[in-house]
Amino acid sequence: MVAHSFDISYITEHKLEIGVFKFYNNLVIGEVKEGVQITLDNALPLLALGIEYYNKDKPVVYLSNRKYSYSFDPTMHFEVSKLFPYLKGYGVVTYDELNFRVAGLEQRFLSCPSGVFHSMDEAMNWAWELLHTEKA
């Protein structure tokens, strides 16, 4: 990965029912398990961890490392934004053109800045720009 000047100090990793989530200062990288159907109910443990680690003084960008296929209702983003207002950005890293297009459609349901990327380095650069602009 590319070195960045914002604080991405590692906090911890949580293995949840829906996937593995790595928490850093100002950044979460999530990898949802193959075939999972994400609902608000099974995403609540992740949201609770986000509330524990982040707040208005410590905003966060979420990057979905979408290595596997899974499903969710994109309108769920509306509820998540109410429960977790400290989310400053939502990025998706995809590894094929079909998932790139699907992720692009999902972006329409987000109320925060969002992006779809072909590599984690590209997504990290975007997160850095977003957080850097936010702190200015």
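The values are calculated or read from the model by the stated rules, or taken from the named source; none is laboratory data. Just so we're clear, the structure is a prediction, and the values are computed from it rather than from any experiment. No Cβ is skipped: glycine too gets one built from the backbone with ideal geometry, and neighbour counts run over all protein chains shown.
Listing for the model above:
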item: Among the residues listed as GLU106, GLU31, the single one being outside any helix (DSSP H, G or I), at negative phi, of a type in the set (Asp, Glu) and under 14 Å from the mean Cα position of the chain (by Cα); result: GLU31
item: Failed condition for VAL61, given (1) of a type outside the set (D, E, K, R); (2) crowded, with 20+ Cβ neighbours inside 10 Å; (3) part of a loop (DSSP other than H, G, I, E, B); result: (3)
item: Selection count where residues are within 14 Å of PHE23 (Cβ to Cβ) and modelled with pLDDT under 85, scope the stretch 60-79; result: 0
item: Counted residues, the stretch 109-128 - those being closer than 18 Å to VAL32 by Cβ and assigned to a helix (DSSP H, G or I); result: 3
item: Counted residues, the stretch 73-90 - those being of a type in the set (A, V, I, L, M) and assigned to a strand (DSSP E or B); result: 1
item: Long-range neighbours under 6 Å by Cβ, at least six apart or interchain, first residue without any contact (Cβ under 8 Å) to a residue 40 or more places away in the chain within the stretch 52-79, second surrounded by fewer than 14 Cβ atoms within 10 Å (Cβ to Cβ) and part of a helix (DSSP H, G or I); result: MET76/LEU40; GLU79/LEU40
item: Members of the stretch 1-56 found to be basic (Lys, Arg) and at pLDDT below 90, listed by number; result: LYS56
item: Hey, HIS77 touching a Phe, Trp or Tyr at 6+ places or on another chain (Cβ under 8 Å) and more than 25 Å from LEU40 (Cα to Cα) or not; result: no
